[in-house]
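Student: Let me give you the structure first, and then I'll get to my questions.
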Amino acid sequence: DRDGFVLFGLALALLVLGPTSSILPIQDPIAERRMYLPMAGVAIAIVPLALRFPPANRKFLMALCGLGVFYATMSYQRAQVWSSAISLWSDTAEQSPNKFRPRFWLGQAYLTAGRCADALHE
């Protein structure tokens, strides 16, 4: 039954997301690593919903393909940020300018790369 897969997928996403989401503040409230497993549940829920549309509906299929290309492009761009420690920590420090840890690790990445002047600045 397709509804069972939808409910299972959503329940899985909430169950896996639950331990990292609480009313107590945590150091890094937004971290993409916390979304990898819950997104599997969302994918399980989306597939049966997508199958409800008739295959002859070209607009839906084109929109679905366009969405897939969009997400693939965004994933590729994000992977570029993760290609080196310096690019990762530069991006993190830029998005969190008032946090100490991203600056510290950016400095560490610069030091490891032999860029001592940049490391000292951080």
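The values are calculated or read from the model by the stated rules, or taken from the named source; none is laboratory data. From a predicted model like this one, the values you see are computed outputs, not experimental measurements. Cβ sites come from the backbone with ideal geometry, for glycine too, and all protein chains shown count toward neighbours. Remember, those area values only see protein heavy atoms, side chains included, never the ligands or the DNA or RNA. Shrake-Rupley method; radii C 1.70, N 1.55, O 1.52, S 1.80 Å.
Student: So if R0 is 35 Å, what FRET efficiency would Val42 and Arg115 give, r being the distance between their Cβ atoms, rounded to the nearest 0.05?
Tutor: Approximately 0.30, to the nearest 0.05.
Student: Here's a follow-up. Quantify, in whole percent, the carbon and sulfur part of the accessible surface of region 63-122 (1.4 Å probe; protein heavy atoms only). Display every interim value, and only then the final one.
Tutor: Working: 2860 of 4420 Å².
Whole-percent figure for carbon plus sulfur exposure: 65.
Student: While we're looking at this one, here's another question. Assuming R0 = 30 Å, can you tell me the calculated FRET efficiency for the pair Lys99 and Met35, based on Cβ-Cβ distance, to the nearest 0.05? Kindly include the intermediate steps, with their values, before the conclusion.
Tutor: Numbers: r = 20 Å, r/R0 = 0.66.
The computed FRET efficiency comes out at 0.90.
Student: So if I place +1 on the C-beta of Lys and Arg and -1 on the C-beta of Asp and Glu, and nothing else carries charge, what would the dipole magnitude of region 54-111 be about its Cα centre? I want it in debye, nearest 20. All intermediate terms of the calculation are to be shown ahead of the outcome.
Tutor: Details: 6 positive and 2 negative charges, 34 e Å.
With Lys and Arg at +1 and Asp and Glu at -1, about 160 debye.
Student: Then there is this: For a bin width of 5 Å, list the pair-distance distribution of region 48-92 built from all Cα-Cα distances, rounded to whole %.
Tutor: Computed distribution, short to long bins: 5, 20, 16, 15, 11, 9, 9, 8, 6, 1.
Student: Multiply the residue separation of Gln80 and Asp3 by 0.36 nm, subtract the distance between their alpha-carbon atoms, and state the gained length in nm to one decimal. Numbers along the way, then the final one.
Tutor: Numbers: separation 77, 0.36 × 77 = 27.72 nm, distance 3.75 nm.
Length gained between Gln80 and Asp3: 24.0 nm.
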